[in-house]
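Taking it in order: structure first as structure tokens, then the write-up.
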């Protein structure tokens, strides 16, 4: 990964949905909005804190996210050994194609049995999985191989995931009527309309669930209530506006759906540990 991720931060590849990341310094625990996909570490380690549990992923374990999740992340970096990772977005068409061609999935995946939360799974990177990752990285070093072989190698990687511990959440995601697939639909509504008022009973109705059942299923998947989830999405969106786009705090508050700037500032500082005005300065430093 180091030969491809030469610059600090994120590096886009020529293969859509595949990105590389390099971090030379450790990162203390802080809030982060994870996107749906796979995160594969080549060097270093990360910890994810969600719902009172700590999940560690490293070169021997990858992270499978079946839905976007607000969580807290910590990066572990040794001196002279930057953290290197690769993110692969979940292409639903490719995932459905892989599942459709498989003769069988593990019993746990088909029955949805898992001790871990289905929204997030830390899975063992077995030798076959690591070989698929290596093949994909090698192809990314050559533009022609990226273009011709890349999509098939991503499918190969998805196949390895569906043969292992990461299959549970992804399988539940594509099976119509499962709690996770319904919550995924509700999450898409939230992310598309995060700056508008959200009514939980309407979300529940959109996915054909009672309000009480929706609350339970939502927390099972995300470890949060719908209102807590929405708040964290809004605050993470506002953080990106402040740090990456230079938007003023009052404008960020309005753009993410807050009517009260003072309430926004209080909740932002409680969540990120710094005021909206102070945060961009800390990132520049």
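From the list 147, 138, which one is in contact (Cβ under 8 Å) with a residue 24 or more places away in the chain, surrounded by fewer than 16 Cβ atoms within 10 Å (Cβ to Cβ), out of contact with any helix residue (DSSP H, G or I) (no Cβ under 7 Å at 6 or more places or on another chain) and over 30 Å from residue 255 (Cβ atoms)? Before you say what the answer is, go through the steps one by one.
On the way: 138 fails: in contact (Cβ under 8 Å) with a residue 24 or more places away in the chain.
On inspection, the qualifying residue turns out to be 147.
Would you mind finding the one in 232, 269, 237 that is under 24 Å from the mean Cα position of the chain (by Cα), assigned by TED's automatic domain parsing to the domain that holds residue 185, modelled with pLDDT of 90 or more and more than 30 Å from residue 170 (Cα to Cα)?
269
Could you please let me know if residue 197 is at pLDDT below 95, surrounded by 13 or more Cβ atoms within 10 Å (Cβ to Cβ) and more than 24 Å from residue 91 (Cα to Cα)?
Details: at pLDDT below 95: yes; surrounded by 13 or more Cβ atoms within 10 Å (Cβ to Cβ): no; more than 24 Å from residue 91 (Cα to Cα): yes.
No.
State yes or no: is residue 70 assigned to a strand (DSSP E or B) and either modelled with pLDDT of 95 or more or touching a helix residue (DSSP H, G or I) at 6+ places or on another chain (Cβ under 9 Å) (or both)? So that I can check it myself, show each step before the final result.
Details: assigned to a strand (DSSP E or B): yes; either modelled with pLDDT of 95 or more or touching a helix residue (DSSP H, G or I) at 6+ places or on another chain (Cβ under 9 Å) (or both): yes.
It is true that residue 70 is assigned to a strand (DSSP E or B) and either modelled with pLDDT of 95 or more or touching a helix residue (DSSP H, G or I) at 6+ places or on another chain (Cβ under 9 Å) (or both).
Name, by its number, the condition in (1) outside any loop (DSSP other than H, G, I, E, B); (2) surrounded by 13 or more Cβ atoms within 10 Å (Cβ to Cβ); (3) at pLDDT 90 or above that does not hold for residue 172.
Answer for residue 172: the failing condition is (3).
Can you tell which of 11, 87 is free of Cβ contacts under 8 Å to residues at least 24 places away in the same chain and in a strand (DSSP E or B)?
Values: 87 fails: free of Cβ contacts under 8 Å to residues at least 24 places away in the same chain.
Going through 11, 87 in turn, just one is free of Cβ contacts under 8 Å to residues at least 24 places away in the same chain and in a strand (DSSP E or B): 11.
So that you can scan it fast, the table gives a plain yes or no per residue for (1) part of a helix (DSSP H, G or I); (2) modelled with pLDDT of 95 or more; (3) over 19 Å from the mean Cα position of the chain (by Cα); (4) within 24 Å of residue 68 (Cβ to Cβ):
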| site | (1), (2), (3), (4) |
| --- | --- |
| 95 | yes, no, no, yes |
| 136 | yes, yes, yes, yes |
| 144 | yes, yes, yes, no |
| 152 | yes, yes, yes, no |
| 156 | yes, yes, yes, no |
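Do we have residue 20 as under 21 Å from residue 187 (Cβ atoms) and either touching a residue at least 12 places away in the same chain (Cβ under 8 Å) or surrounded by 14 or more Cβ atoms within 10 Å (Cβ to Cβ) (or both) here?
Numbers: under 21 Å from residue 187 (Cβ atoms): no; either touching a residue at least 12 places away in the same chain (Cβ under 8 Å) or surrounded by 14 or more Cβ atoms within 10 Å (Cβ to Cβ) (or both): yes.
For residue 20, the condition - under 21 Å from residue 187 (Cβ atoms) and either touching a residue at least 12 places away in the same chain (Cβ under 8 Å) or surrounded by 14 or more Cβ atoms within 10 Å (Cβ to Cβ) (or both) - is not met.
State whether the residues of region 63-82 include one that is surrounded by fewer than 18 Cβ atoms within 10 Å (Cβ to Cβ), in the same structural domain as residue 165 (by TED's automatic domain parsing), closer than 15 Å to residue 157 by Cβ and within 12 Å of the chain's Cα centre (by Cα).
The answer is no; no qualifying residue exists.
Of the numbered conditions (1) part of a helix (DSSP H, G or I); (2) touching a residue at least 24 places away in the same chain (Cβ under 8 Å), residue 123 fails exactly one; give the number of that condition.
Of everything listed in (1) part of a helix (DSSP H, G or I); (2) touching a residue at least 24 places away in the same chain (Cβ under 8 Å), residue 123 misses just condition (1).
Would you check which residues across region 204-227 are closer than 21 Å to residue 33 by Cα and either crowded, with 19+ Cβ neighbours inside 10 Å or outside the structural domain of residue 189 (by TED's automatic domain parsing) (or both) and list them?
First, pick out the residues of region 204-227 that are closer than 21 Å to residue 33 by Cα: 215, 217-227.
Answer for region 204-227, where residues must be closer than 21 Å to residue 33 by Cα and either crowded, with 19+ Cβ neighbours inside 10 Å or outside the structural domain of residue 189 (by TED's automatic domain parsing) (or both): 217, 218, 221, 222, 223, 224, 226.
The values are calculated or read from the model by the stated rules, or taken from the named source; none is laboratory data. The shown structure was predicted, so the numbers you read here are calculated from the model rather than taken from an experiment. Cβ sites come from the backbone with ideal geometry, for glycine too, and all protein chains shown count toward neighbours.
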